[in-house]
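Chemist: Here it is, the structure in full.
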Amino acid sequence: MPKIKTSRTKAPPEGFDDVEPQLLEFEQKMREVEEDKTEGLRKAEASWPIFRLHHQRSRYVYELYYKRRAISKELYDYLVKQGYGDANLIAKWKKVTSGPSDSSLSCRARAHLAWDVNH
């Protein structure tokens, strides 16, 4: 979850206003998922929607910075520091996409890449 804004919190960098509506939408969806009833589900199954939304929000930040180059480094660092994106997950995606070409990947690695893209 993003950190709470206080009077001592540093103001967000330029460009945050452009991405804030989508981030707020992710936050609203997260609250709805957390409030959903999980009766009859295993503990692990109940947390899957939360992980999926966390994954989507991190992927959004990753694509803004690395794929579309729509945000600055300063804004990217701010988003990660504030908890809008998972730095470890983004590093994994960056490593996988900047690695060897698809032709040299094993079947298992290709299946893993296909799984990441579909979400």
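The values are calculated or read from the model by the stated rules, or taken from the named source; none is laboratory data. From a predicted model like this one, the values you see are computed outputs, not experimental measurements. Heads up, the Cβs are rebuilt from the backbone with ideal geometry, glycines too, and the neighbour counts pull from every protein chain shown.
Chemist: For L79, all conditions in the list (1) part of a helix (DSSP H, G or I); (2) surrounded by fewer than 16 Cβ atoms within 10 Å (Cβ to Cβ) hold save one; what is the number of the exception?
Modeler: The failed condition is (2).
Chemist: Provide a single number: the residues in the range 46-64 that are of a type in the set (A, V, I, L, M, F, W, C) and either in contact with a strand residue (DSSP E or B) (Cβ under 6 Å, 6 or more places away or on another chain) or closer than 13 Å to G85 by Cβ (or both).
Modeler: 3
Chemist: Can you tell me which residue is farthest from Y84 (Cα to Cα) among those in the range 3-45 that are of a type in the set (K, R) and part of a helix (DSSP H, G or I)? Walk me through it before giving the result.
Modeler: First pass over the range 3-45, keeping only residues of a type in the set (K, R): 3, 5, 8, 10, 29, 31, 37, 42-43.
Cutting the leftovers down to part of a helix (DSSP H, G or I) gives us 29, 31, 43.
Values: K29: 14, R31: 14, K43: 25 Å.
Top of the filtered list is K43.
Chemist: Further, regarding this structure: For the range 74-93, give me each residue that is on the phi > 0 side of the Ramachandran plot and of a type in the set (D, E, K, R).
Modeler: Of everything in the range 74-93, nothing turns out to be on the phi > 0 side of the Ramachandran plot and of a type in the set (D, E, K, R).
Chemist: Let me ask something else about it. From the list S7, S47, which one is among the hydroxyl-bearing types (S, T, Y), out of contact with any helix residue (DSSP H, G or I) (no Cβ under 8 Å at 6 or more places or on another chain) and surrounded by 12 or more Cβ atoms within 10 Å (Cβ to Cβ)?
Modeler: Being among the hydroxyl-bearing types (S, T, Y), out of contact with any helix residue (DSSP H, G or I) (no Cβ under 8 Å at 6 or more places or on another chain) and surrounded by 12 or more Cβ atoms within 10 Å (Cβ to Cβ) holds for just one of S7, S47, which is S47.
Chemist: Take the conditions under 15 Å from the mean Cα position of the chain (by Cα) and modelled with pLDDT under 95 and apply them to P49. Does it pass?
Modeler: On the way: under 15 Å from the mean Cα position of the chain (by Cα): yes; modelled with pLDDT under 95: yes.
Yes: the conditions hold for P49.
Chemist: Within the range 27-63, count every residue that is closer than 19 Å to D77 by Cβ and among the hydrophobic types (A, V, I, L, M, F, W, C).
Modeler: Within the range 27-63, residues that are closer than 19 Å to D77 by Cβ and among the hydrophobic types (A, V, I, L, M, F, W, C) number 1.
Chemist: What single numbered condition from (1) modelled with pLDDT under 95; (2) within 12 Å of the chain's Cα centre (by Cα); (3) assigned to a helix (DSSP H, G or I); (4) under 21 Å from K3 (Cα atoms) fails to hold for Y60?
Modeler: (1)
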